[in-house]
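The values are calculated or read from the model by the stated rules, or taken from the named source; none is laboratory data. From a predicted model like this one, the values you see are computed outputs, not experimental measurements. Backbone-built Cβ (ideal geometry, glycine too); neighbour counts: all protein chains shown. These accessible areas exclude ligands, DNA and RNA; they are computed on the full protein's heavy atoms, side chains included. Shrake-Rupley method; radii C 1.70, N 1.55, O 1.52, S 1.80 Å.
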Amino acid sequence: MNIILLGPPGAGKGTQAQMLVEERGMVQLSTGDMLRAAVAAGTPIGLQAKAVMASGALVSDDIVNGILSERLDADDVRRGFILDGYPRTPAQAEALDALLAEKGMHLDYVIVLAVDEDALVDRISGRFSCAKCGAGYHDRYKLPKAEGVCDVCGSTEFKRRPDDNAETVRTRMAEYRAKTAPILPFYEAKGLVRRVDGMAPIEDVKAAIEGILTT
Ligand code: AP5
């Protein structure tokens, strides 16, 4: 099973992807995580991406298509993958089609997390993650079970993303509306799109996605 999770910043793509990884053994392919790793490692791609990401704009199609293509060559993706944050432009959607055809892979669903944009700044400003394993949390909606201790790895170190500030979030949302939302008709024409209420509680969104994946 190979899927795309689609939705604006803070829609819950990463949260749902992590749960699919834990429960179904799928592989999360987050271009945002890949780019943040490149920035942290100071690679040439990371150096190019750093300022663009900090502004909330999109990194160039060539860069993200390149890193995704390389990642799709790893054996683990054959277990089934979740694309989280990719594709994000019509050119990326077309590049993905070509990459999948070339590698003998296919897409099963494009699951759209339908959300109210007004709620997203609140979600994003409350977000934090484990500094060691990356597990995601929220100040109100998803706290660790034991205060200050990661549920997954037991670490007590947490971090917040530098692009999770109100000004950058506005740019990220504008980029989504202008460049990412227009890819929907491309997947609608292929009959792959399924919509889920992304404003529902995390566990309900998860159940709705499970319902799609098991039909
Ligand atoms: P990326 O890392 O992909 O960020 P994003 O798309 O902005 O999405 P987020 O990670 O902010 O949101 P999410 O939907 O995963 O929400 P989450 O589950 O964490 O991209 C970052 C940057 O990298 C881009 O701006 C761009 O520069 C670059 N980039 C990446 N990919 C690119 C590409 N393909 N092309 C070009 N550039 C690219 O949830 C948010 C919070 O809400 C969490 O705290 C969570 O606990 C909480 N929450 C989640 N669901 C619910 C719920 N149902 N109810 C209540 N709270 C919830």
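Name the one entry in 66, 85 that is surrounded by fewer than 19 Cβ atoms within 10 Å (Cβ to Cβ) and of a type outside the set (D, E, K, R). None of the others qualify; the one that does is 66. Hey, does region 77-88 have a residue that's touching an Asp or Glu at 6+ places or on another chain (Cβ under 9 Å), among the charged types (D, E, K, R) and within 19 Å of residue 190 (Cα to Cα)? Yes, there is a match, as at least one residue in region 77-88 is touching an Asp or Glu at 6+ places or on another chain (Cβ under 9 Å), among the charged types (D, E, K, R) and within 19 Å of residue 190 (Cα to Cα).
Counting only helices (runs of 4 or more DSSP H) wholly contained in region 130-215, the ones carrying 3 or more residues that are aliphatic (A, V, I, L, M), open to solvent by less than 80 Å² (accessible area, probe 1.4 Å) and out of contact with any Ser or Thr (no Cβ under 9 Å at 6 or more places or on another chain) occupy 202-213.
Residues that are touching a Lys or Arg at 6+ places or on another chain (Cβ under 8 Å) and free of Cβ contacts under 8 Å to residues at least 60 places away in the same chain were ranked within region 37-65; the one that is nearest to the ligand (Cβ to nearest atom) is 64.
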